[in-house]
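Any read-out appearing in this document is the output of simple, stated calculations on the displayed coordinates, not a laboratory observation. Quantities reported herein were computed from a predicted structural model and do not represent experimental measurements. Backbone-built Cβ (ideal geometry, glycine too); neighbour counts: all protein chains shown.
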């Protein structure tokens with residue numbers, strides 16, 4: 001049996017505007033049962049998320065453009081283009097963009113968290129950084145604000 005390649009070109013893929021950034025889905029459970037891969041991009045400086053953790057999955061980030069500070073387990077980590085970062089399960093983390101924003105890939109193993117961002121995109125702008133709005137939606141997706 002022969003498989004078929006899954007291809008998402010530069011301007012394709014389901015996209016949601018989260019206010020501070022846009023998320024583009026590159027691979028989700030419709031493509032793979034193992035992981036989800038998304039791209040986040042935006043021009044906003046400052047927090048792109050609230051401090052949170054995940055009990056059931058790991059998240060990895062690969063910075064493509066811009067300067068970010070990932071605070072993982074209370075430790076701020078500067079990350080520029082070419083930086084890869086793995087956040088273990090049960091570890092609090094947050095992401096803040098430097099001046100001019102930037103762009104990074106997010107790999108979630110196992111996948112599914114992209115559904116939370118799609119839902120947050122249906123709420124008022126910047127719900128992704130609003131602890132109250134985020135708490136209600138996040139609980140369904142193992143993304144627990146701390």
Query - Theoretical ellipticity at 222 nm over the chain - DSSP helices of four or more residues, -39500 (n - 2.57) apiece, nearest 500 - result: -2500 deg cm²/dmol
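Taking only the C-alpha atoms, wrap a convex hull around the chain and report its volume per residue in Å³ as a whole number. Mind dumping the intermediate values first?
Working: hull volume 16.3 nm³, N = 146.
Residue-normalised Cα hull volume stands at 111 Å³.
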Report summary line: Dividing the mean separation of Cα pairs under 8 Å (6+ apart) by the residue count of the chain yields a relative contact order in percent of 29
Query raised in the report: Hey, rough spin-label estimate for residue 15 and residue 77, points 7 angstrom out along Cα→Cβ, what's it come to in nanometres?
Result: 2.9
Report summary line: Length gained if residue 133 through residue 60 is fully extended, taking 0.36 nm per residue and subtracting the Cα-Cα distance, is 23.9 nm
Report task. Any chance you could run the full-extension gain for residue 142 through residue 8? It's 0.36 nm times the residue separation minus the Cα-Cα distance, nm to one decimal. Result -> 45.6 nm
Report task. Could you calculate the contour length gain from residue 105 to residue 122, that is, 0.36 nm times the residue separation minus the distance between their Cα atoms, to one decimal place in nm? Result -> 3.9 nm
**Report entry** Likely footprinting exposure, 144, 95, fewest C-beta neighbours within 10 Å first
**Finding:** 144, 95
Report summary line: Label model pair residue 34, residue 91: point-to-point distance (7 angstrom along the Cα→beta-carbon line) in nm is 2.2
